[in-house]
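Dropping the structure in here first, questions after.
The values are calculated or read from the model by the stated rules, or taken from the named source; none is laboratory data. Note that this is a predicted model, so its numbers are computed, not measured. Cβ placement follows ideal geometry from the backbone for every residue including glycine, while neighbour counts extend to all protein chains displayed.
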């Protein structure tokens, strides 16, 4: 059982990029371009990111990529670069209270939905971007935002949700937090976005939707994500992809998932037993880690994502 105080202490914090981890950027990919963007959040914080693309991109389409809970979109540069490699232009930003963006904390998990809504407002207020076909892709917390954004922006062409949860209510139930306590807190920080939409938003969506999950995800249980949605939604435009043994990263290769799990287990054990104590010792440990191998994308999964985006 998780109390509301536990929820706030564990999740409602600021997330910054760790000095000892490798975060890819456009500079790591030959020819990948990055144009800086910024826009205000609902709370007035400045959110920062980039529009990424290779020469020859499809000028009629734009993907908005929504990262999961954590430091920001640079944790997803392998996914973003893969999309760009398939001729898409990708707008990616750091949520409120994360990475390069302003904010002392993320305010609440509903902030992900508010930030995405404001990101799309930014797109549709831009003379260059406003007439493009828009697709949204999100992972984990970003997938929750992606699943629910159609309630606010129903004219999105395609939605891909990876390892996401259906609503804050189902998440509260999985945590064991009293539903009314969590929602009342979220409503206090984001009254227009904390309402439990979930199935209602998905049912009303007219575009193409692909939901991806792994059956062994121990961070976002499929029970509050793909399985719940598949059981309750009446929307026939939703496609489902449930994979085996990929944990919280079903779009990664199995070798990448295994390598990440073994690496982080070893690292955490060394930290807990005092073998690694200082920031410099953490940096030294990860100097021997192959981050390219750790983040390799599964082409079979991505081929299905690309198919949806091109429909």
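Among the residues in the stretch 257-266, are any surrounded by 12 or more Cβ atoms within 10 Å (Cβ to Cβ) and in a loop (DSSP other than H, G, I, E, B)?
No: zero hits.
If you don't mind, another one. Any residue in the stretch 157-175 that is farther than 21 Å from residue 110 by Cβ, out of contact with any helix residue (DSSP H, G or I) (no Cβ under 8 Å at 6 or more places or on another chain) and modelled with pLDDT of 95 or more?
yes
Starting from residues that are in contact (Cβ under 8 Å) with a residue 60 or more places away in the chain, more than 23 Å from the chain's Cα centre (by Cα) and under 28 Å from residue 84 (Cα atoms), keep the ones in the stretch 285-311 and report whichever is surrounded by the most Cβ atoms within 10 Å (Cβ to Cβ).
My answer is 289.
Is there a residue in the stretch 241-256 that is in contact with a helix residue (DSSP H, G or I) (Cβ under 6 Å, 6 or more places away or on another chain), in the same structural domain as residue 161 (by TED's automatic domain parsing), loosely packed, with under 12 Cβ neighbours inside 10 Å and not in a helix (DSSP H, G or I)?
No, the stretch 241-256 contains no residue that is in contact with a helix residue (DSSP H, G or I) (Cβ under 6 Å, 6 or more places away or on another chain), in the same structural domain as residue 161 (by TED's automatic domain parsing), loosely packed, with under 12 Cβ neighbours inside 10 Å and not in a helix (DSSP H, G or I).
Within the stretch 184-199, count every residue that is farther than 13 Å from residue 228 by Cβ and within 21 Å of the chain's Cα centre (by Cα).
As a first pass, look at the stretch 184-199 and keep what is farther than 13 Å from residue 228 by Cβ: 184-195, 197.
Those still in the list that are within 21 Å of the chain's Cα centre (by Cα) too: 186, 189-190, 192-195, 197.
Going through the stretch 184-199 one residue at a time, the tally reaches 8.
When residues of the stretch 17-35 are filtered for being under 29 Å from residue 54 (Cβ atoms) and assigned to a loop (DSSP other than H, G, I, E, B), how many remain?
Looking only at that region, the number is 11.
Looking at (1) within 21 Å of the chain's Cα centre (by Cα); (2) in contact (Cβ under 8 Å) with a residue 60 or more places away in the chain, find the lone condition where residue 282 falls short.
It is condition (1) that residue 282 fails.
Here's a follow-up. Which one of these is loosely packed, with under 14 Cβ neighbours inside 10 Å and closer than 30 Å to residue 260 by Cβ: 44, 56, 31?
Details: 44 fails: closer than 30 Å to residue 260 by Cβ; 56 fails: closer than 30 Å to residue 260 by Cβ.
Sole residue among the options that is loosely packed, with under 14 Cβ neighbours inside 10 Å and closer than 30 Å to residue 260 by Cβ: 31.
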